[in-house]
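**Q** Okay, here's the structure, questions in a sec.
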């Protein structure tokens with residue numbers, strides 16, 4: 001009886017947004033974001049340590065708070081034809097910058113949950129890594145090149161409150 005090791009393949013995942021604050025119709029999330037995702041970088045996860053030297057030994061004590069020093073998520077999107085996936089995010093960031101519509105906008109209008117669903121080799125959903133209360137902190141520039149017909153991409157950098165995971169049964 002021989003066993004084979006199934007490794008994970010890079011293209012077997014999908015991304016699902018719970019919401020984007022400037023989009024009021026949820027079907028638009030799929031058509032302008034989830035269908036145009038090119039890549040995501042799942043951030044590293046670190047624990048800060050305090051080192052205690054006593055006599056001839058060194059002990060470690062974790063000192064990280066639950067959501068302190070989390071590395072941001074990086075998403076890369078293909079730009080859609082009418083630029084709506086980029087312009088919605090610009091509008092969201094402008095509302096944050098100019099304090100519209102209210103000062104509570106930042107706290108109440110985050111992306112509630114960003115789900116990264118991992119698929120097995122038969123494209124069945126297996127594991128979900130999700131990020132809560134995502135906040136867009138950076139939106140890249142758009143590189144336009146005359147005479148080049150390749151896809152234009154842009155990058156979104158987000159902070160979040162916590163990274164969690166669950167198995168899908």
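**Q** Hey, among 72, 21, 62, which residue is under 19 Å from the mean Cα position of the chain (by Cα) and at pLDDT below 90?
**A** That would be 21, the only listed residue that is under 19 Å from the mean Cα position of the chain (by Cα) and at pLDDT below 90.
**Q** In addition: Give the residue, chosen from 45, 33, that is at negative phi and part of a loop (DSSP other than H, G, I, E, B).
**A** 45
**Q** Can you list the strands (runs of 3 or more DSSP E) lying wholly within the range 72-169 that have 2 or more residues being more than 15 Å from residue 17 (Cα to Cα)?
**A** Because the criterion is at least 2 residues that are more than 15 Å from residue 17 (Cα to Cα), the strands (runs of 3 or more DSSP E) in the range 72-169 that meet it are 125-139, 153-159, 162-167.
**Q** If a residue has to be in contact with a helix residue (DSSP H, G or I) (Cβ under 8 Å, 6 or more places away or on another chain), assigned to a loop (DSSP other than H, G, I, E, B) and closer than 17 Å to residue 116 by Cα to count, how many in the range 17-30 make the cut?
**A** 2
**Q** Determine the pairs where a residue that is in contact (Cβ under 8 Å) with a residue 24 or more places away in the chain, located within the range 139-151, has a partner that is assigned to a loop (DSSP other than H, G, I, E, B) and surrounded by 10 or more Cβ atoms within 10 Å (Cβ to Cβ) with Cβ atoms under 7 Å apart, the partner being 6 or more residues away or on another chain.
**A** Between residues of the range 139-151 that are in contact (Cβ under 8 Å) with a residue 24 or more places away in the chain and residues that are assigned to a loop (DSSP other than H, G, I, E, B) and surrounded by 10 or more Cβ atoms within 10 Å (Cβ to Cβ), the close pairs are 142/79; 142/152.
**Q** Of everything in the range 48-67 that's part of a loop (DSSP other than H, G, I, E, B) and in contact (Cβ under 8 Å) with a residue 12 or more places away in the chain, which residue is surrounded by the fewest Cβ atoms within 10 Å (Cβ to Cβ)?
**A** Residue satisfying both the conditions and the ranking: 66.
**Q** Can you tell me which residues in the range 113-137 are without any contact (Cβ under 8 Å) to a residue 40 or more places away in the chain and either within 10 Å of the chain's Cα centre (by Cα) or more than 19 Å from residue 34 (Cα to Cα) (or both)?
**A** Passing the criteria: 122, 130, 132, 135.
**Q** Tally the residues that are without any contact (Cβ under 8 Å) to a residue 24 or more places away in the chain and within 19 Å of residue 131 (Cβ to Cβ), restricting the search to the range 68-85.
**A** 2
The values are calculated or read from the model by the stated rules, or taken from the named source; none is laboratory data. Every value quoted in this text rests on a predicted model; they were computed, and no experiment measured them. Backbone-built Cβ (ideal geometry, glycine too); neighbour counts: all protein chains shown.
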